[in-house]
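Comments concern the structure below.
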Amino acid sequence: MVNLNSGLLGAVVFCSARRSHRELLQSNNVGNVQHIHYAPRDSFQSGTYLRSEYLDPRSPSFIAGISNDIVNIHEVLVRADSSGDGTVFQQSVSAVIQGLYPPTRDYKITLANGSTIVGALGGFQYIPIESVEMNEDVSLNGLLSCPNFDQHVANLEQSDLFLAKGKEAAPFIQKLQPYLGARPTNFSFMVRRGLHHNSEMLIEDHPFSST
């Protein structure tokens, strides 16, 4: 990102979009919780924010000279991690770019006979998404199969403090079993899931915090 007197020349944006589209549905049966991962409202809102930040001429972060209403696919490169979760990342990123470049009836072509054709779905703008495989580029998902990260986690879970907290929590965890069905109840699993969901809530509450 370069900000000169001529204005912002470009931006590299890393958008954490995957988990922002999960909602929890609680059934009447205790412990029967289902994830619904195709609810891209938050991802779309992230795209809307990025649009107001970088594509609005009134914004101090406006990218000078960029096509801000009708996308120029030579000005925008969209990449999505495809490691481990199938199409979840691609679906999330698709929602982000719908907010970034929303449908417009100006997205149209004029045929040789003079008739005008507006893009499908009211001018939906089709922006290519490059699928990034982890075995080709780890830049979007550096934690999978990372020996240093795995060793860091192992060291933590073998530490005296972690083991002591596990023993302290054991009576409470045992009482949870009737409500969790076949889900794991070991302390390590619960800590990992707790940190995971806490980070999701932080991202959803403050998706683009400057701190």
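A few remarks follow.
- Of all residue pairs spaced 6 or more apart or on separate chains, those with beta-carbon atoms under 8 Å, a first member in region 175-187 that is in the same structural domain as S159 (by TED's automatic domain parsing) and at negative phi and a second member that is part of a helix (DSSP H, G or I) and of a type in the set (G, A, S) are F187/G166; F187/A169; F187/A170.
- Matching residues, region 44-87, being of a type in the set (A, V, I, L, M, F, W, C) and part of a helix (DSSP H, G or I): F44, L50
- Test: residue in region 110-117 that is surrounded by fewer than 17 Cβ atoms within 10 Å (Cβ to Cβ) and either of a type in the set (K, R) or touching a residue at least 24 places away in the same chain (Cβ under 8 Å) (or both): no
The values are calculated or read from the model by the stated rules, or taken from the named source; none is laboratory data. Keep in mind that what you see is a predicted model, and the values were worked out from it rather than measured. Ideal geometry is used to build each Cβ from the backbone, glycine not excepted, and the neighbour counts take in all protein chains shown.
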